[in-house]
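Nothing in this text is a laboratory measurement; each read-out follows from the coordinates by a stated rule. What you see is a predicted model; the values in this text were computed from it and never measured. Glycine gets a Cβ as well: all are built from the backbone with ideal geometry, and neighbour counts include every protein chain shown.
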Amino acid sequence: MRIARFSIDGNVAFGAVEGGSAPGEEGALVLDIIKGIPYADFELSGTKVPLSKVRLLPPVLPNKVVGIGRNYAEHAAELGNEVPDVPVAFFKPTTSVIGSGDAIEYPSFSQELHHEAELAVVIGRMCREVPRERVKDVILGYTCANDVTARDVQKREKQWARAKGFDTACPLGPWVETDLDPADVTIQCTVNGEQRQLGRTSDMIRSVEDLVVHITEAMTLLPGDVILTGTPAGVGPLNVGDEVAVTIEGIGTLTNKVIKRG
Ligand code: MG
């Protein structure tokens, strides 16, 4: 099931996306509004609205977004980094989260903004110290993410809080796919229709299971929390006016335009 969060006529709701899934068929998609929230047992209301009539919002409201760096060997190498012995973890603040169709605001303190297409894991229940065999029980589903990074700032500053945490630096969407097997799907990034990144999740150094075990060894994850699993090779510049799209096989496409911060 694909679960979207959206607003219509000033009301915010979750809905199950139904209909054709091929690119370009989005006009045919409808949302069946969910009663309550999708983190517990829920029912579909039967009230349907066309996707074209709503504004998609970030599909979750995370308490935190935990990023993982250098989880694809080719990407670590393209930036001149070694693959670390222990996964590099960092936070992106909740104020950096935007949805599909929202604008990425180019920060004033950077001259080198980069896209990073990533598979995002969405947590479905409160959990800590999750054993490997229980990981699938704590995951609600998966969505597309863009770990937008001010690369020059990341190189200049020891901690990545500003480089990866500025407002609009965490596009998520378009919805959460609950039925995906994340072991081997393609991740693609295009800028203005031109392919920049093409990778497979099977090339991740640490799997989704590894990352959930590693993170929950340290901290409690809450329903709606998000883990970014790292980006494949091919990261590159974003400029004002660009349209960047992250497509993950079996999920959909997250699209954002880059604007100057007004
Ligand atoms: Mg990243």
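Listed values, structure above:
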read-out: The chain: Lys pairs at Cα distance under 19 angstrom, eight or more positions apart or on different chains; value: 9
read-out: Binned Cα-Cα distance frequencies in segment 2-56 - 5 Å width, integer %; value: 4, 22, 32, 24, 13, 5, 0
read-out: Principal axes of segment 174-262: Cα extent on each, largest first, Å; value: 41, 31, 23
read-out: Residues whose placed amide H lies under 5 Å from that of Ile139, excluding near-sequence neighbours; value: Gly124
read-out: Two-site label geometry, Arg132 and Met1: point separation in nm, points 7 Å out along Cα→Cβ; value: 3.1 nm
read-out: Chain lengthening between Gln111 and Lys257 when straightened (0.36 nm per residue, less Cα-Cα); value: 50.9 nm
read-out: Among Tyr142, Gln197, Pro87 the positive-end extreme of the charge dipole of segment 65-260 (Cβ point charges); value: Pro87
read-out: Ranking of Ile251, Ile259 by count of other Cβ atoms within 10 Å, fewest first; value: Ile259, Ile251
read-out: Phi to ³J(HN,Hα) by Karplus 6.51 cos²θ - 1.76 cosθ + 1.60 over segment 41-58, Hz, x for Gly, Pro; value: 4, 9, 10, 7, 7, x, 7, 10, 10, x, 4, 5, 9, 10, 9, 5, 10, x
read-out: Equivalent ellipsoid dimensions for the chain as semi-axes, Å, which come from the Cα gyration tensor, largest first; value: 27, 22, 17
read-out: Note, ³J(HN,Hα) from phi for segment 253-262, Karplus 6.51, -1.76, 1.60, rounded to Hz, x at Gly and Pro; value: 10, 9, 10, 9, 9, 9, 10, 6, 5, x
read-out: Added length on full extension, which subtracts the Cα-Cα distance from 0.36 nm per residue, Asn63 to Ala89; value: 7.8 nm
read-out: Label-point separation in nm, Thr186 to Ile8, each point 7 Å along Cα→Cβ; value: 3.2 nm
read-out: Separation of alpha-carbon centers, segment 129-152 and segment 202-241, rounded to whole Å; value: 5 Å
read-out: Estimated inter-spin distance, Glu217 and Arg55, nm [label 7 Å along Cα→Cβ]; value: 4.3 nm
